[in-house]
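Visitor: Pasting a structure here, questions to come.
The values are calculated or read from the model by the stated rules, or taken from the named source; none is laboratory data. All figures in this text were calculated on a predicted structure; none of them were measured in a lab. When we count neighbours, we look across all protein chains shown, and the Cβ atoms used for this are built from the backbone with ideal geometry, even at glycine.
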């Protein structure tokens, strides 16, 4: 015995499957985001971070990027591999732009 389906049900099923298969959205352009982790490498123009969930993220560092160590201003050029950092960033034109980098206090 065949059960007839209402006219809109197959379309709804296809739409549901299509939406569930869509890739998750990455960081939205123009919105601020935050990444926490350990600095893997750093140059005057780029910061590479391994986040607390194990992902590697890269951030463009510009003259407008503010860097702070503990509660004091710091030079972004002094960021070293192995330091813990919190990066506030925006995604612009497909790149993560570091707005602010907060570093943990250096251990003696």
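Visitor: Which condition does residue 99 not pass, out of (1) modelled with pLDDT of 90 or more; (2) assigned to a loop (DSSP other than H, G, I, E, B); (3) surrounded by 13 or more Cβ atoms within 10 Å (Cβ to Cβ), if it passes all the others?
Guide: The single condition residue 99 does not satisfy is (2).
Visitor: Please find, among 35, 27, the residue that is surrounded by 11 or more Cβ atoms within 10 Å (Cβ to Cβ) and at pLDDT 95 or above.
Guide: Step by step, each of 35, 27 is checked, and only 35 is surrounded by 11 or more Cβ atoms within 10 Å (Cβ to Cβ) and at pLDDT 95 or above.
Visitor: Across segment 47-66, what is the total count of residues that are assigned to a strand (DSSP E or B) and either more than 17 Å from residue 88 (Cβ to Cβ) or at pLDDT below 95 (or both)?
Guide: 2
Visitor: Here's another thing I want to ask about it. For segment 49-74, name all the residues that are within 12 Å of residue 101 (Cα to Cα) and surrounded by 13 or more Cβ atoms within 10 Å (Cβ to Cβ).
Guide: Within segment 49-74, 49, 59, 60, 61, 65, 66, 67, 68, 69, 74 qualify.
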